[in-house]
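The values are calculated or read from the model by the stated rules, or taken from the named source; none is laboratory data. Quick caveat: nothing in here was measured; it's all calculated off a predicted structure. Neighbour counts are summed over all protein chains in view; Cβ atoms, including those assigned to glycine, are modelled from backbone coordinates with ideal geometry.
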Amino acid sequence: MIKTQSLNENHRFRALYGRGKNKAGKTMVVYVMKNRLGPVDRLGITVSKKLGHAVTRNRIRRRIREAYRLHEQEIKSGYDIVIVARHAAEHAPFEALMDEMMQLLRQLGAAEAKPEAQANA
């Protein structure tokens with residue numbers, strides 16, 4: 001991930017949960033808040049123990065991180081982003097995870113609008 005740092009401090013997660021904007025989808029909930037770090041993004045991924053053992057949780061986390069990495073250039077700079085996985089993320093196809101993540105980020109204003117060429121294809 002080129003311009004993205006890891007978000008791993010508990011008080012930053014809590015700040016996003018409390019003051020950030022959020023949107024929920026079938027497989028995830030995305031929280032977004034502007035940060036004051038300029039062109040730096042910070043990403044945090046949360047997967048509850050209710051979703052399974054460590055192997056399952058780490059697999060979900062890796063898939064979400066990869067979906068983010070593939071679309072990183074479309075995400076606007078200067079945001080803290082927390083993605084909370086839901087139970088449906090475990091069995092969802094990778095394409096569905098990627099599409100839903102980008103759709104939620106666009107709705108929150110943290111990602112560029114979908115190009116017309118792709119939207120009509």
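Structure notes:
- Scanning region 1-14 for residues that are within 24 Å of Gln103 (Cβ to Cβ) and in a helix (DSSP H, G or I) gives a single hit, Phe13.
Results for (1) touching a His at 6+ places or on another chain (Cβ under 7 Å); (2) of a type outside the set (Asp, Glu); (3) at pLDDT 90 or above, shown as yes or no for each residue.
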residue: Val47; (1), (2), (3): no, yes, yes
residue: Lys50; (1), (2), (3): no, yes, yes
residue: Ala54; (1), (2), (3): no, yes, yes
residue: Arg59; (1), (2), (3): no, yes, yes
residue: Ser77; (1), (2), (3): no, yes, no
residue: Ala85; (1), (2), (3): no, yes, yes
residue: Glu95; (1), (2), (3): no, no, yes
residue: Glu112; (1), (2), (3): no, no, no
residue: Ala121; (1), (2), (3): no, yes, no
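- Flag for Val30 being of a type outside the set (Lys, Arg), under 22 Å from Glu112 (Cβ atoms), buried (at least 16 other Cβ atoms within 10 Å of the Cβ) and under 12 Å from the mean Cα position of the chain (by Cα): yes
- Filtering Gly25, Gly38, Gly18 for residues that are touching a residue at least 40 places away in the same chain (Cβ under 8 Å), small (Gly, Ala, Ser) and more than 27 Å from Ala96 (Cα to Cα) leaves a single hit, Gly38.
- Residues that are surrounded by fewer than 16 Cβ atoms within 10 Å (Cβ to Cβ) and acidic (Asp, Glu), drawn from region 57-95: Glu66, Glu72, Glu74, Glu95
- Region 42-54, subset touching a residue at least 24 places away in the same chain (Cβ under 8 Å) and over 11 Å from the mean Cα position of the chain (by Cα), residue nearest to Ser77 (Cα to Cα): Val47
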